[in-house]
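Novice: Have a look at the structure that comes next, please.
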Amino acid sequence: MDISIVVPLYNEAESLPELASWIERVMNENNFSYEVIFVNDGSTDDSWKVIKQLSAKNPAFHGVAFRRNYGKSPALNTGFARAKGDVVITMDADLQDSPDEIPELYRMITAEGYDLVSGYKQKRYDPLSKTIPTKLFNATARKVTGINNLHDFNCGLKAYRNKVVKHIEIYGDMHRYIPYLAKLAGFNRIGEKVVHHQARKYGKTKFGLDRFVNGYLDLGTLWFTGKFGGKPMHFFGLLGSLMFILGFIAVAVVGFGKLWDMYHGNPYILVTESPYFYLALTLMIIGCQLFLAGFVGELVARNSQRRNDYEIDEEL
């Protein structure tokens, strides 16, 4: 099979028939063998009813229905597990992503050798309250992940080599960072394509400004687990050692200052009356706690069933 299209959706009953017809036309015009996997994320409208009608008309259309709303990441992860095509395309169901982009995305994966190609909505039909935070978010993501050629991490229109989606796990709200997850899994050929962004035709957006706050928190989580997940002592041990050493030096300076004043007959105060003594002591205590946290982290990592779960790409 050439292409699997995964479409996560929540309350998009109005747009589904038009999207399905559009996809079907593009697939037939390019003679692609394909499947479309609609993942209904606990919709409260007639979305699932529409999906069943579409599936009855075209056996290439499949559906998965969640019992309640779990979020986009679980929906994508479910679709990826069922995708059989050589190239997997993800797109939103609100008609803001154009199926006409699929042939070129497919070509970039199969002919140019990319592992992942992300869409870039260079011209957006969104209010400034959404576009400005998006630009700041993407700039931060580029800096932290080191994927400097991507301008739109959160674009729903992406193409993947099938091997990529089978080797990454998406949970929480990590769908924003699929390129970074792919990079951490060893898939480094990541490209970008400028895609057409259309104004929303039906309904309203399902995402609020809170996604930007959560996005930064998720980015920090991925950065830490990707860099120190298998060796937590390298992070906590180093940080704890530095804080302990700084605290010890500060205590020594306070104590030496008192001895100096005593020796030269200068007025002096008790060490315990100096605020610097308590700051130094706090640094030493926190340093010890971080160091111990590193030990605990190493024990957890050592006993993890996935401590030697390395991905093998090919074997002869």
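Novice: Explain nothing, just the number: relative contact order of the chain, from Cα pairs under 8 Å at least 6 residues apart, as a whole percent.
Specialist: Worked out over the chain, it gives 17 percent.
Novice: What residues have an amide H closer than 5 Å to that of Asp46, excluding those fewer than 5 places away on the same chain, when H is modeled at 1.01 Å from N in the peptide plane?
Specialist: The list, which skips near neighbours in sequence, is Ala13.
Novice: Using only Cα atoms, tell me the angle between helix 275-302 and the longest principal axis of the chain; keep it within 0 to 90° and round to the nearest 10.
Specialist: 40 degrees
Novice: Here's another thing I want to ask about it. Do the alpha carbons of any pairs in Lys84/Lys123; Lys143/Lys193; Lys183/Lys231; Lys166/Lys231; Lys121/Lys166; Lys52/Lys84 sit beyond 22 Å of each other, and which pairs? Mind dumping the intermediate values first?
Specialist: Values: Lys84/Lys123 32 Å; Lys143/Lys193 20 Å; Lys183/Lys231 19 Å; Lys166/Lys231 25 Å; Lys121/Lys166 26 Å; Lys52/Lys84 20 Å.
Violating the 22 Å limit, Cα to Cα: Lys84/Lys123; Lys166/Lys231; Lys121/Lys166.
Novice: For the chain, take the longest principal axis of its alpha carbons; what is the angle in degrees between that and the long axis of helix 128-145, to the nearest 10 within 0 to 90?
Specialist: Between the helix axis and the principal axis of the chain, the angle is about 60 degrees.
Novice: Send over the per residue convex hull volume for region 7-162, Cα only, as a whole number of Å³.
Specialist: On the way: hull volume 19.8 nm³, N = 156.
Once divided by residue count, the hull of region 7-162 is 127 Å³.
Novice: For Trp48, what accessible surface area do you get with a 1.4 Å probe? Give it in Å², rounded to 10.
Specialist: Answer for Trp48: close to 80 Å² accessible.
Novice: What is the gain in length, in nm to one decimal, between Thr44 and Ser241 on full extension, counting 0.36 nm per residue of separation less the C-alpha to C-alpha distance?
Specialist: Taking 0.36 nm per residue and subtracting the Cα distance, the gain is 65.6 nm.
Novice: Measure off, as a whole percent, the carbon and sulfur share of the 1.4 Å-probe accessible area of region 30-77, all protein chains present.
Specialist: Roughly 46 percent, rounded to a whole number.
Novice: Given Cβ point charges of +1 (Lys, Arg) and -1 (Asp, Glu) and nothing else, what value in debye, to the nearest 20, does the dipole of the chain about its Cα centre take? Intermediate results must be reported in sequence, preceding the final value.
Specialist: Details: 36 positive and 34 negative charges, 75 e Å.
In total the dipole reaches around 360 debye.
Novice: For region 130-198, state the semi-axes of the equivalent ellipsoid (square roots of 5 times the eigenvalues of the alpha-carbon gyration tensor), sorted largest first and rounded to whole angstrom.
Specialist: Rounded to whole Å, the semi-axes are 20, 14, 12.
Novice: How far, in nm, would the chain grow between Met262 and Arg142 when pulled straight, counting 0.36 nm per residue and subtracting the alpha carbon separation?
Specialist: 37.6 nm
Novice: How much length, in nm to one decimal, is gained on full extension between Ile285 and Ser98, taken as 0.36 nm per residue of separation minus their Cα-Cα distance? Can you show the working numbers first?
Specialist: Numbers: separation 187, 0.36 × 187 = 67.32 nm, distance 5.66 nm.
This chain segment gains 61.7 nm when fully extended.
Novice: Of all the Cα-Cα pairs you can form in the chain, what percent are over 38 Å apart?
Specialist: Value for the chain: 31 percent of Cα pairs lie more than 38 Å apart.
Novice: Right, here's the next one. Using θ = phi - 60° and the Karplus relation 6.51 cos²θ - 1.76 cosθ + 1.60, list the HN-Hα couplings for region 100-112 in order, rounded to whole Hz, with x at every Gly or Pro.
Specialist: Computed from phi, the couplings for region 100-112 are 5, 7, 4, x, 6, 4, 4, 5, 5, 6, 7, 9, 9 Hz.
Novice: Let me ask you something else. Given a 1.4 Å probe and the protein chains all in place, what does the accessible area of Ser98 round to, in Å² to the nearest 10?
Specialist: Rounded to the nearest 10, the figure is 10 Å².
Novice: How much of Arg189 can a 1.4 Å solvent probe reach, expressed as accessible area in Å² and rounded to 10?
Specialist: Per-residue accessible area (Arg189): approximately 120 Å².
Novice: Within region 105-199, which chymotrypsin sites (Phe, Trp or Tyr not before Pro) sit in a loop by DSSP and count at most 16 neighbouring Cβ atoms inside 10 Å?
Specialist: Tyr125, Tyr171
Novice: Turning to a different aspect of this structure: Enter the accessible area per residue of region 18-113 (Å², integer; probe 1.4 Å; all protein chains in place).
Specialist: 44 Å²
Novice: Using the Karplus equation 6.51 cos²θ - 1.76 cosθ + 1.60 (θ = phi - 60°), what ³J(HN,Hα) coupling, rounded to whole Hz, does each residue of region 155-163 give in order, writing x for Gly and Pro?
Specialist: 5, x, 8, 9, 10, 9, 5, 3, 4
Novice: On a 0 to 90 degree scale, rounded to 10, what angle separates helix 210-228 from the longest Cα axis of the chain?
Specialist: Tilt relative to the chain: about 70 degrees.
The values are calculated or read from the model by the stated rules, or taken from the named source; none is laboratory data. Source: prediction; values computed, not measured. When we count neighbours, we look across all protein chains shown, and the Cβ atoms used for this are built from the backbone with ideal geometry, even at glycine. These area figures cover heavy atoms from the full protein model, side chains too; ligands, DNA and RNA do not enter into them. Shrake-Rupley method; radii C 1.70, N 1.55, O 1.52, S 1.80 Å.
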